[in-house]
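Here's the structure we're looking at; comments come further down.
The values are calculated or read from the model by the stated rules, or taken from the named source; none is laboratory data. Quick caveat, the model's predicted, so the values are computed rather than measured. All Cβ positions, even for glycine, are placed from backbone atoms using ideal geometry, and neighbour counts span all protein chains on display. Calculation scope for accessible area: heavy atoms of the full protein, side chains included, ligands and nucleic acids excluded. Shrake-Rupley method; radii C 1.70, N 1.55, O 1.52, S 1.80 Å.
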Amino acid sequence: MSDHDPGATMPRTEPEPNRQFWQARRRLSLSRARLAQDANRDPAMRNCQHAPMDENYIGRIEQGRIGGGMCPERLNALCARLNVADPTDIGLTAERRHPSRHGPTITRRPNPDHTPPPPGTAEPADTAEPRRKNHQLIAARERRTMPNGQPMTPQDVADEMNNFLWAEHQKDKKSPQPTILDHRFVLGYEAGRYWWPSANYRAAFRHVLKAATDAELGFTPKRHRRSDTATNQQTRPELESSNGVEKTPAEQPEHSVDEDLIDVLQRVDALSRGVSPTVLDNLRMNIRFILTEYEAIEHGSLRSQLRKQRTWISTLLGECRRPTQQQQLFNMGSVTSGILGYVAVGRGNFPLARAYCLEAFAMAEFAQDDNLQSWVRGMQSFCEYYAKDYSEALRLAVDGLTYAQSGPQSVRLTINGAARAMGKLGDVDGVHRAVESAYDLLARNDVPNGIPSSIALDCYSAAQTASNAATAYLSLGAAEKVKEFVQLALPEISKSGSPWSRSLVTIDLASSLIRSADPDLDRAADLAVGALTISRQRPIISVRQRIQDFINDATDKWGHCQQIATVREAAASANER
């Protein structure tokens, strides 16, 4: 028979799953729905004439059903969101593929184990017997909880099964090449469409749901009742075929029930469990106090308090079943983790800071709070700036603006995140645009007076905006611009209770004096030593890095001299604390 004979049949081969794409998504802790949503927001999608991507589209990519042939706009958007430059790094190709109209007819080979086809394919016809839900499997899933305290969803089970199956395949290459599963696979078994997975899937189910046997999960090799009793028999009244008289209840076949009164009441009790409103109010007040008084609080005890608070919030999330309270707890947990990340940046512990901020962003997403998500992006950008990954700092700030729009966090993301990073990257025009944009955004927001907390959820003040503009221009060597913005910021900053703000703006002014057309090393050195004195009791990485930049610039210009040695000695003394 010819290879292209239309009547030819051949066994269907499953596509190879796109493991690279799946790993890239999991590495960023993105759900399929979130990845689709973020990719649809990407500027590359503006010219796309196709429907927006959704979680099912992402699922088909991971299953290997889409690997090429997507439009360039979708491809570029996915690459941008997954932080890759080359599509092949996520198992995709830019080559457009067109389906053949003359391929052979494909028929599915019978599967003796009754394993369901991959999600998206047609279900097998089954009219011999009505479907019966697998209540044991559903109950086993709902007994298992995620770190946020919520019961596992079908997608959670599928993700954990994917991890298990891939690990087994890595240990033993003879084991079946795993197909990336999604929620529809699990729901197929829960709904009773399928009842006997193949051996590797049964092992994965048992592992994820902590079951010792297949029977505990309601899996049976044949489609029959899952217990010796007539648990799943139909209970509707039947009519006698001879006279059409309905049978009385006494004549109905005896059947057992799945649950009794206590089972139902226990579930009702679990649903009613919540957190005392007084507890939530006090947690909220404590977080508000920390956000407002951050610069004045002693940070040694603050770290311990925040860690304790974050742990307790997780415990409350595990016990609370009221959606509105859960949302409040996610909000407070996000802020707590975000502050912990900010403190870790100040201590120079960037890996820990990144982890806290990642947790904060995930919880902000659960809280469904765009302003909070933009606030966390600001924290992440701040972290990468002091970790000297300026491109990533810029990316995070720009992404944060998609959540902030023109809201309170937009000024901070534009001036502290984007402008300062572009200054380090040497983007002169970019800095000019960012500074101008920040002042435009100030006009659209409720701007506080003076110098509010550097981690507030509200808008930056005019003085904070000016001081950050000065830092951005300092990186470009624009000394006159630095002086201009420092003079705008200095009156309010001099009156503030933040030693760090006063130190940083003073160091920027000192740096502008050694970079100007008429440099003044003596005055610059005096200002630098004075800046270190202001924050000597509480040194943080931003002050340490800024003073080191001053020392390096001055040494390049004047070499080793007494004024610079004095600054270096003061910096060494501050770093020892």
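Applying the selection to segment 194-213, what residues are more than 21 Å from H169 (Cβ to Cβ), buried (at least 17 other Cβ atoms within 10 Å of the Cβ) and not hydroxyl-bearing (S, T, Y)?
The first filter runs over segment 194-213 and keeps only residues more than 21 Å from H169 (Cβ to Cβ), leaving 194-196, 210-213.
Remaining after also requiring buried (at least 17 other Cβ atoms within 10 Å of the Cβ): 194-196, 211.
Across segment 194-213, the qualifying residues are W195, W196, A211.
Looking only at residues of segment 300-323 that are in contact with a Gly (Cβ under 9 Å, 6 or more places away or on another chain) and among the β-branched types (V, I, T), we find that the one that is farthest from V279 (Cα to Cα) is T315.
Selection within segment 499-522: residues that are of a type outside the set (V, I, T) and touching a Phe, Trp or Tyr at 6+ places or on another chain (Cβ under 8 Å). The member of this set that is nearest to Q548 (Cα to Cα) is S511. Restricting attention to segment 390-405 and to residues that are among the polar types (S, T, N, Q) and without any contact (Cβ under 8 Å) to a residue 60 or more places away in the chain, the residue that is surrounded by the most Cβ atoms within 10 Å (Cβ to Cβ) turns out to be Q405.
Among the residues of segment 330-344, write down those that are within 17 Å of the chain's Cα centre (by Cα) and either of a type in the set (A, V, I, L, M, F, W, C) or open to solvent by less than 10 Å² (accessible area, probe 1.4 Å) (or both). Hits for segment 330-344 are F330, M332, G333, S334, V335, T336, S337, G338, I339, L340, G341. Against the list (1) closer than 25 Å to P452 by Cα; (2) assigned to a helix (DSSP H, G or I), the condition G348 fails is (2).
Residues considered: E168, E160, E216. Of these, the only one that is at pLDDT below 85, out of contact with any strand residue (DSSP E or B) (no Cβ under 8 Å at 6 or more places or on another chain) and in a helix (DSSP H, G or I) is E168. For the residues S301, S314, the requirement of being without any contact (Cβ under 8 Å) to a residue 24 or more places away in the chain, surrounded by fewer than 23 Cβ atoms within 10 Å (Cβ to Cβ) and part of a helix (DSSP H, G or I) singles out S301. Being open to solvent by 10 Å² or more (accessible area, probe 1.4 Å) and more than 21 Å from R34 (Cα to Cα) holds for only one residue in R377, R347, and it is R347. Just one of the listed residues (T533, T566) is of a type in the set (S, T, Y) and over 27 Å from H299 (Cβ atoms), namely T566. Go through D518, D553, D508 for me and flag whichever is surrounded by fewer than 22 Cβ atoms within 10 Å (Cβ to Cβ) and in a helix (DSSP H, G or I). Every option except D553 fails the conditions.
Looking at the structure I just gave you, is G64 assigned to a loop (DSSP other than H, G, I, E, B), at pLDDT 80 or above and either closer than 22 Å to T153 by Cβ or of a type in the set (G, A, S) (or both)?
Numbers: assigned to a loop (DSSP other than H, G, I, E, B): yes; at pLDDT 80 or above: yes; either closer than 22 Å to T153 by Cβ or of a type in the set (G, A, S) (or both): yes.
Yes: the conditions hold for G64.
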